[in-house]
Amino acid sequence: MIADLLAWLTNPEHWRGAGGVPAQTLLHLYYCVVSVGTAMLIAVPLGLYIGHTGRGATAVVAVSNAMRALPTLGLVTMLVLIFGLGDTPALAGLVILAIPAILAGTCAGVDSVPSDIVDAARGMGMTSIQRLWRVELPNALPLLIGGVRSAMLQVVATATVAAYVNLGGLGRILLDGLAVGHYEQMAAAALFIALLAVAVDLVLAGISRLVVPRGLALAAEANRDGS
Amino acid sequence: MLEFRSVRKQYENGTVAVQELSMSAETGTITVLVGPSGCGKTTLMRMVNRMIEPSSGAVLVDGTDVREFDAARLRRGIGYVIQQAGLFPHRTVLDNVATVPLLSGCRRREARTRAAELLDRVGLPADLGRRYPAQLSGGQQQRVGVARALAADPPVLLMDEPFSAVDPVVRAGLQDELLRLQEELGKTVLFVTHDIDEAIKLGEKVAVLRQGGHLAQYAEPDALLAEPADDFVTSFVGRDRGYRRLSFRDSRRLRPEATDTVHIGDTSADVPSRAGWVLVLDAHRRPRGWLPPEAAVDGQLTEDQLVAGGSLHVEGTSLRGALDSALSAPSGLGVVVDGDGGYVGVVTARQVLDLIEEHRSSVTAEGVAP
Ligand SMILES: Nc1ncnc2c1ncn2[C@@H]1O[C@H](COP(=O)(O)OP(=O)(O)OP(=O)(O)O)[C@@H](O)[C@H]1O
Ligand SMILES: [Mg+2]
């Protein structure tokens, strides 16, 4: 088995052209970035609104829990039946998959901002929108980005479904392997999906270090030392 | 002037936090709201910057109802310091202090220059400005909180238990600092505390509130100690109010007397033959401690041969300090020093008590109630 896997990996044929590993990895990555990016455009503003106003929190929690329970494959199949084959149903399925984690992270982030800080901001004369931008959002960033990371991990793992609707990505390699009974090919595809997940998560961790304000990192450190 | 006109606040859950309360705070003075926990101090204070709207009645700042201002704008014009400082953890100290000027449209550079000045004002080193709140001690955070409230140079300052989260020594330092700042700035300060000692130390006038937001007494601190309005105020100001009242008596008429002194480094030959305690000074004539009666000095006199001294009484300050210096000294002689800490003389508890008695009889003779 291991030998078969190595043989597959070292076969230069598998590394060339549109169906090769590099191209499919890029395509896979592209699906993930586009769907998580789209999910952020929807979930972050919504999460900020809910966290800031405290309105609609229960409804959103219920809906996003229901969304988590949806089987992505079934969802994508349904979307294909509605929209026909193509990028849209696959990406839409992934977006729906990514939204709950990002929404939950954003809401939790805003909720986690200590009330005395928000109160101080109000007392200093910040308007509602200034409080959101200048105080709540920066302080929500650690949890918000945490939400994005877990959404991204889910999406990288699940983007294989794109192959079911005749698209590319590492799922293509996996499904083709399944079709012809080449298990070493399926193992290789799974391996690349896992590696991609780790790599993407590392990149996001790096971005998190860059955008989370230094003061918050210091505060978290001080808390750890103190307890 | 800050004026509360029959304000009342009932929360949605039915709690009446403030009950038909009227009082006013003079411009340029520190007015303290004091009372037990839950008596409505915070509620009352937050009506001034419209963080809370009264259920009825009105709050006026210099004669204008605060409801006539846009709330956010009003708040930028009123300094606000809260209990745990409430600093923004994601901003540097300097940017925290610059918050309100930036909100009011000040340029960043200008706002930061101003912020740096304020750090200096509240006694913080300039390089602290680059740090984050998580890197400061509690006392430093409170100072930053005060600097932030002062940044836009507001005429009115609201302070809600600003010093309650720090230890007593730091708290005393911050209180002195506030008094010094107030001397320079002359703001209209509304200060909330549940600590009667803090109220008496800081307030030019003190409002004692009772549970349910009733104003039990509104008076100068001396009057509060001398004539508490009712049993509630009496028990709230505490047992030793007679002693604490001495804080308001100056000691100018106290006449310090000379006593035997020696210096650190003197040899046994210099030490007077004596039956009583001898005060030991250093080269700058600052008191270092006492030499017990009949104690042998062999060779040079050093610090470790001394008994620690009591509290020092700075010339011209209150009789409370004078009495305490005598009571706390091992020799029973309170040491009086000048502003630089140099030895002036000593006083006994008897002298202080005589002065108090003298004052009482002169006041009674004039027909004024004691
Ligand atoms: N938002 C609120 N809703 C309902 N009741 C409240 C609210 N805020 C305060 N209260 C109640 O109103 C009363 C006065 O509260 P307030 O915070 O003004 O007291 P305080 O004198 O500042 O107390 P402390 O010294 O503990 O800060 C208390 O009984 C409190 O429980
Ligand atoms: Mg309070």
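The values are calculated or read from the model by the stated rules, or taken from the named source; none is laboratory data. Source: prediction; values computed, not measured. All Cβ positions, even for glycine, are placed from backbone atoms using ideal geometry, and neighbour counts span all protein chains on display. In case anyone asks, the SASA skips ligands and DNA or RNA and just uses the protein heavy atoms, side chains included. Shrake-Rupley method; radii C 1.70, N 1.55, O 1.52, S 1.80 Å.
Could you list, ordered by first residue, the pairs with Cβ atoms under 8 Å in which the first is in segment B:28-49 and away from every other protein chain (no Cβ under 14 Å) and of a type in the set (V, I, T) and the second is within 9 Å of ligand 2 (Cβ to nearest atom) and open to solvent by 30 Å² or more (accessible area, probe 1.4 Å), at least 6 apart or interchain? Final answer for the pair search is B:V34/B:H194. Just one residue in the set A:L132, A:L167, A:L141 is in contact (Cβ under 8 Å) with a residue 60 or more places away in the chain and part of a loop (DSSP other than H, G, I, E, B); that residue is A:L167. Within segment B:93-105, the set of residues being more than 7 Å from every other protein chain (Cβ to nearest Cβ) and touching a helix residue (DSSP H, G or I) at 6+ places or on another chain (Cβ under 6 Å) comprises B:V93, B:L94, B:N96, B:V97, B:A98, B:P101, B:L102, B:S104. Residues B:R108, B:R121: which one is farther than 27 Å from B:T193 by Cα and either more than 9 Å from chain A (Cβ to nearest Cβ) or open to solvent by 40 Å² or more (accessible area, probe 1.4 Å) (or both)? Just one listed residue meets the conditions, B:R108. If you go through segment B:215-246 and keep only what is in contact with a helix residue (DSSP H, G or I) (Cβ under 8 Å, 6 or more places away or on another chain) and under 18 Å from B:F191 (Cα atoms), you end up with B:A216, B:Q217, B:P221, B:D222, B:L224, B:F236, B:V237.
If you go through segment A:163-174 and keep only what is open to solvent by 30 Å² or more (accessible area, probe 1.4 Å) and either of a type in the set (A, V, I, L, M) or within 12 Å of chain B (Cβ to nearest Cβ) (or both), you end up with just A:L174. Applying the set (1) within 29 Å of the chain's Cα centre (by Cα); (2) over 30 Å from B:E220 (Cα atoms); (3) not aliphatic (A, V, I, L, M) to B:S311 leaves exactly one unmet item: (2). All conditions but one from (1) crowded, with 17+ Cβ neighbours inside 10 Å; (2) more than 14 Å from chain A (Cβ to nearest Cβ); (3) touching a strand residue (DSSP E or B) at 6+ places or on another chain (Cβ under 7 Å) apply to B:E177; the one that does not is (3).
The set of residues from segment B:188-201 being modelled with pLDDT of 95 or more and away from ligand 2 (no atom under 16 Å from the Cβ) comprises B:T188, B:V189.
Looking at B:F163, B:F191, which one is within 16 Å of ligand 1 (Cβ to nearest atom), more than 14 Å from every other protein chain (Cβ to nearest Cβ) and touching a strand residue (DSSP E or B) at 6+ places or on another chain (Cβ under 6 Å)?
Working: B:F163 fails: touching a strand residue (DSSP E or B) at 6+ places or on another chain (Cβ under 6 Å).
Residue meeting the stated conditions: B:F191.
Taking segment B:70-90 as the range and being within 7 Å of another protein chain (Cβ to nearest Cβ) and open to solvent by less than 40 Å² (accessible area, probe 1.4 Å) as the test, the residues that pass are B:A72, B:R75, B:Y80, B:I82, B:G86, B:F88, B:P89, B:H90. What do you reckon, is B:S55 within 11 Å of chain A (Cβ to nearest Cβ) and either surrounded by fewer than 21 Cβ atoms within 10 Å (Cβ to Cβ) or more than 25 Å from A:Q130 (Cα to Cα) (or both)? Spelling it out, it is not the case that B:S55 is within 11 Å of chain A (Cβ to nearest Cβ) and either surrounded by fewer than 21 Cβ atoms within 10 Å (Cβ to Cβ) or more than 25 Å from A:Q130 (Cα to Cα) (or both). For segment B:36-63, a residue qualifies if it is away from ligand 2 (no atom under 16 Å from the Cβ) and either under 17 Å from B:L158 (Cβ atoms) or modelled with pLDDT of 95 or more (or both), and the qualifying residues are B:R50, B:E53, B:P54, B:S55, B:S56, B:G57, B:A58, B:V59, B:L60, B:V61, B:D62.
Taking segment A:110-162, which residues are among the hydroxyl-bearing types (S, T, Y) and either under 17 Å from the mean Cα position of the chain (by Cα) or crowded, with 18+ Cβ neighbours inside 10 Å (or both)? Walk me through how you get there before you give the answer.
From segment A:110-162, those among the hydroxyl-bearing types (S, T, Y) are A:112, A:115, A:127-128, A:150, A:158, A:160; that's our starting set.
Those that are among the hydroxyl-bearing types (S, T, Y) and either under 17 Å from the mean Cα position of the chain (by Cα) or crowded, with 18+ Cβ neighbours inside 10 Å (or both): A:S150, A:T158, A:T160.
Of the helices (runs of 4 or more DSSP H) lying entirely inside segment A:54-122, those carrying at least 2 residues that are within 14 Å of another protein chain (Cβ to nearest Cβ) are A:87-111. Give segment B:163-174 a look and list any residue that's open to solvent by less than 40 Å² (accessible area, probe 1.4 Å) and closer than 26 Å to B:P228 by Cβ, or say none. Within segment B:163-174, B:F163, B:A172 qualify.
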